[in-house]
Amino acid sequence: GQLAMNGYMALGLEKKDASTAVSMSLVALSALLTGLSLYDNIAKYAGASKTYLCCIFQKEMGCSIWEFLNQVRIEKAKFYLQSMTNTQISEIAALCGFENKSYFAKIFKRIEGVSPREYLEKIKTIR
């Protein structure tokens, strides 16, 4: 439906054939980039049990909800690193929902293959 499409667009996704539970969780993820009870909130919003949602999300999206959320957060971080080059990395981490700068750097490097600082240096070199 339209709500699912809004979730896909908010997250920059092309896939349009996910189940309603996954579609609704994508909408919730686009709005909920932080939160300790993330799975409970998303499951409630999607109208599914936490166990079912985790299973079907993994099956349809190819990653866990948490992995997906981290990918979205890192994409947001890359945008901030490119557009706010004089901002402290710890501030960018916080803007993207990471409470711990070290954890942010670890996840960033796992996804991008370089640390946030190395990524920022590459951007500055290109400009």
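Suppose every Lys and Arg Cβ carries +1 and every Asp and Glu Cβ carries -1, with no other charges. What dipole size does the stretch 34-101 come out with about its Cα centre, to the nearest 20 debye?
Computed charge dipole of the stretch 34-101: roughly 40 debye.
Mean shadow of the stretch 64-127, computed from the convex hull of its alpha carbons, in nm²?
Its Cα hull, projected and averaged over all orientations, spans 3.9 nm².
Since every read-out is calculated from the coordinates, none of them should be taken as a lab result. All values derive from a computational prediction rather than experimental measurement. Ideal geometry is used to build each Cβ from the backbone, glycine not excepted, and the neighbour counts take in all protein chains shown.
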